[in-house]
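Here is the structure we will look at.
The values are calculated or read from the model by the stated rules, or taken from the named source; none is laboratory data. Here the structure is a predicted model, which means the values were calculated and not measured. Cβ coordinates were reconstructed from backbone atoms using ideal geometry, including for glycine residues, and neighbour counts include every protein chain displayed. With ligands, DNA and RNA removed, areas are computed over all heavy atoms of the protein, side chains included. Shrake-Rupley method; radii C 1.70, N 1.55, O 1.52, S 1.80 Å.
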Amino acid sequence: MSLPALEDITAREGASIDGVIRIESHPREKATPIIMEMMRSVYPHDEVFGEFCTVNSYIDCPPDELFDYMADTRCLEEWTYSLRGFAPTEEPGLWVAHDMLGAGERQTKIFTRTVANKEARTVDYHCAWDQGKHLWMIYLIRIVDAQLVFGKPGSVVLWTNCHHPFYDHNPYPETAPPQRPVWVGDFWDMFGAGHMLELKTLKAIAEYRHHNGLPITPDWMK
């Protein structure tokens, strides 16, 4: 017996939902041109990285070991491009570091709290420049067992950021260093390329350690 899909809407006289494309309303000959239009050879940058920024990679490293490494906030010291000097704050689980992108040696503080779920292998970095009360920059990461999706050992890393409105306007200007010429949102257009660069660094570090029999999480983090 089929489920009463959308029955609550289709039962209403004249009711419809714009943007719903299903085989009942769009048989293959009608849907194919729509799909072909979506499959472009060139995509505008803003269409790909405007509201969301997503990068992915395969890493030849066991997923549980990669999770343990990434779940430790201090690992960001190694594989991110510009976060350096992590130190714990007085608030448990909250770390402070320097984002060297913030124009000037150690001028910009970045606060980070790592929210990790071992069973789901999700590692989310909740961050913010300048202040640690409202961590609105959220880096959403999932580590997948590559055996499930590629049929081979290793990990697949899925990483997404959302374009929070605060990227466009600093919500806490009073906490910013005086006369700093940049804001984190100034770099949003570069997030796709920048995060891919960092993901390649993560891959290089994790694979080197795995291939050489070294623990993925170094002793100084334990």
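Descriptive notes on the structure:
- Counting Lys and Arg as +1 and Asp and Glu as -1 over every other residue whose Cβ lies under 10 Å from the Cβ of Gln131, the net charge comes to 0.
- Partners for Lys133 among lysines (Cα-Cα distance below 24 Å; same-chain residues under 8 apart left out): Lys109
- Of the residues Gly102, Phe187, Phe150, the one whose Cα sits farthest toward the positive end of the charge dipole of the chain, with +1 on the Cβ of Lys and Arg and -1 on the Cβ of Asp and Glu, is Phe150.
- Between the listed residues Ile138, Asn212, His163, the Cα displaced farthest toward the positive end of the dipole of segment 63-220, a dipole computed from Cβ unit charges relative to the Cα centre, is found at Asn212.
- Note on the chain: with charges restricted to the Cβ of Lys and Arg (+1) and Asp and Glu (-1), its dipole about the Cα centre is near 420 debye.
- Counting only aspartates and glutamates at least 8 places from Lys152 when in the same chain, those with an alpha carbon closer than 17 Å to its own are Asp60, Asp64, Glu65, Glu207.
- Dipole size of segment 16-58 about its Cα centre, with +1 on Lys/Arg Cβ and -1 on Asp/Glu Cβ: approximately 220 debye, rounded to the nearest 20.
- Protein heavy-atom surface of the chain, 1.4 angstrom probe: 57% of the accessible area is carbon and sulfur, with nucleic acids and ligands not counted.
- A cut-off of 5 Å between modelled amide H atoms, ignoring neighbours fewer than 5 places along the same chain, links Cys61 with Gly154, Ser155.
- Charge context of Trp159, other residues only, Cβ under 14 angstrom, K/R +1, D/E -1: +2
- Within the shell of other residues whose beta carbon sits under 11 angstrom from the beta carbon of Lys222, the net charge comes to -2, with Lys and Arg scored +1 and Asp and Glu -1.
- Per residue, the chain exposes 61 Å² of solvent-accessible protein surface, assessed with a 1.4 angstrom probe and all protein chains in place.
- For Trp136, the residues whose modelled amide H falls within less than 5 Å of its own, excluding neighbours fewer than 5 places apart on the same chain, are Cys127.
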